[in-house]
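Student: Please see the structure below; I have some questions.
The values are calculated or read from the model by the stated rules, or taken from the named source; none is laboratory data. Every value quoted in this text rests on a predicted model; they were computed, and no experiment measured them. Every residue, glycine as well, gets a Cβ built from its backbone with ideal geometry; the counts of neighbours run over all protein chains shown. Calculation scope for accessible area: heavy atoms of the full protein, side chains included, ligands and nucleic acids excluded. Shrake-Rupley method; radii C 1.70, N 1.55, O 1.52, S 1.80 Å.
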Amino acid sequence: MTATADEYIATRSDVRDYLERALADQTTSEASEALLYDRVKSKLESSGAVLVAHYYVDPLLQQLAEETGGVVADSLEMARFGARTEAKRLIVAGVSFMGETAKILSPEKQVYMPTLDATCSLDLGCPDTAFSDFCDAHPDHTVVVYANTSAAVKARADWVVTSSIAVDVVDQLDREGARILWAPDKYLGRYVQQQTGADMVLWDAACVVHEEFRMHDLQALQAQYPEAGLLVHPESPAEMIECADAVGSTSQLIEAAVSLPHPAFIVATDKGIFYKMQQRVPEKQLIEAPTRGAGGSCQSCAHCPWMAMNRLSRLDQLLTDWDARCEVRVDPALADKALIPLNRMLEFNRARVR
Ligand code: 13P
Ligand code: SF4
C-alpha cells in the first residue's frame, strides 16, 4: 500500500524539518509584508501625496490607494482623477504613459512613480520618429492615438483616446467624414474599425499581455465551464473579441461582471484585475483565460511585466527618499502640444456623460 503524503512526511524528520522551516519563513514574510504595508500607509498618509493606481498593479497597492483617499481605476479615470485632485504630489502606480499623462494634465503638480522603468510594449512599439513619418505619409488623415504612447507621439496627434472611449470618439469622427490614422494597437484598432465602419489605417503594434490569449485553449476551458461568460479587453486578438460576452476597458469589464447574469466569467485581461473584480462580484467565480496553450510557455502569462515593477518595497523607498529619478518630467514644449489632444478626449468624455 502506498503511504499518503502526510504519512510519508511523518516518517521523514528531514522532510518534516524542511517543511516546518518553509512554513515559518512564509509566516515571517507574511508578517513582514503586513508590517511593511502599515509603514508605507502611515508614510503615505503623512506625506500629503495621493496614490493613483491601475487595476493591474499589485493588489496591496490597490488596497493602499483605496484606504488613503487615492483611486484605483482604468487609464481614463486615472487621468481624470489626477487632474482634479487638490493634492500637490501624485504617485502613479502603473506604467510610464500614465505618469506622463498625469504630468501633462497637471504640470504644476509633482508626479512620481515607484519606478520610471515601467513602460509598455505599445509605447515601445511606436517610436516617435517612425510614427511621424507614418503621419507624413497620410496627410489627409485625422491622427488618433491610444493613451499607451509617449508624450512625443501624443504631441503629433489630433486625438488621444483610451479603450473606454475609443469607439465613441472614432464613431463621431467617422460621422464627420474623417479618415483615421490609428496607432499603435492593431487589435484595438481593428475592433474600433469593425464597430464604427470608419476608414482607418492602422499602425502595427500589440500588447504583449493581451496578444497571448488564444481561442484554441479557450474552447477547452469553455467546455469545462459551460456556464461562464467571457470578458475580453479589446487589446486581445479578434478571435477572442468575436466570442466575448463583453468587450471593454478594465473598468467596463468590471461593470460587465456585475451586470451580466452569468455565475462565472473567463477573464481575458491582466490578472491584476481580479482583486477589484472579485470585490464587486464576491458570489461569482472568476477564471483566468489561458495564454499560449496548455502547458505552453508564455511571455507574460497574463500579467504585465511593467505593471509588476510597482512593488510595495519600491513605494516604501520612494516615500523615504523622494528620489528625483522617480519624478516624471515631460519636455514642456511636447507637453503643451500633447495637452491639446488629451484635453479633447476629456472634453469629449464630459459631453458624453452630461
Ligand atoms: P485600460 O484603459 O482599460 O485601463 O487599459 C490600460 C492598459 O494598459 C490595458 O492593457
Ligand atoms: Fe502596455 Fe499591455 Fe502592459 Fe497594458 S498590459 S501596460 S498595454 S504592455
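Student: Being of a type in the set (A, V, I, L, M), away from ligand 2 (no atom under 16 Å from the Cβ) and either within 26 Å of residue 121 (Cβ to Cβ) or not in a helix (DSSP H, G or I) (or both) is the filter here, so list the residues in segment 206-253 that pass it.
Tutor: 215, 218, 221, 228, 230, 238, 244, 246
Student: For residues that are under 18 Å from the mean Cα position of the chain (by Cα), over 16 Å from residue 71 (Cβ atoms) and of a type outside the set (D, E, K, R), tally how many sit in segment 96-111.
Tutor: 2
Student: Further question on the same structure: What are the residues in segment 173-213 that are of a type in the set (A, V, I, L, M), without any contact (Cβ under 8 Å) to a residue 60 or more places away in the chain and touching a Cys at 6+ places or on another chain (Cβ under 8 Å), if any?
Tutor: Selection gives 181, 183.
Student: If you don't mind, there's one more thing I want to ask. Do any helices (runs of 4 or more DSSP H) lying entirely in segment 22-126 carry at least 1 residues that are within 15 Å of ligand 2 (Cβ to nearest atom) and open to solvent by 20 Å² or more (accessible area, probe 1.4 Å), and which ones are they?
Tutor: In segment 22-126, the matching helices (runs of 4 or more DSSP H) lie at 75-84, 96-105, 121-124.
Student: Shifting gears a bit: If we scan segment 175-185, do we find a residue that is more than 20 Å from residue 304 (Cα to Cα) and assigned to a helix (DSSP H, G or I)?
Tutor: Yes, segment 175-185 contains a residue that is more than 20 Å from residue 304 (Cα to Cα) and assigned to a helix (DSSP H, G or I).
Student: What are the residue pairs meeting all of these: first residue in segment 300-316, first residue assigned to a loop (DSSP other than H, G, I, E, B) and within 9 Å of ligand 2 (Cβ to nearest atom), second residue open to solvent by 50 Å² or more (accessible area, probe 1.4 Å) and among the polar types (S, T, N, Q), Cβ atoms under 9 Å, and 6 or more apart or on different chains?
Tutor: Short answer, once both residue conditions are applied: 305/299.
Condition check ((1) surrounded by 22 or more Cβ atoms within 10 Å (Cβ to Cβ); (2) within 23 Å of residue 57 (Cβ to Cβ); (3) among the aromatic types (Phe, Trp, Tyr)) across all residues:
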site	(1), (2), (3)
239	no, no, no
242	no, no, no
255	no, yes, no
260	no, no, no
270	yes, yes, no
283	no, no, no
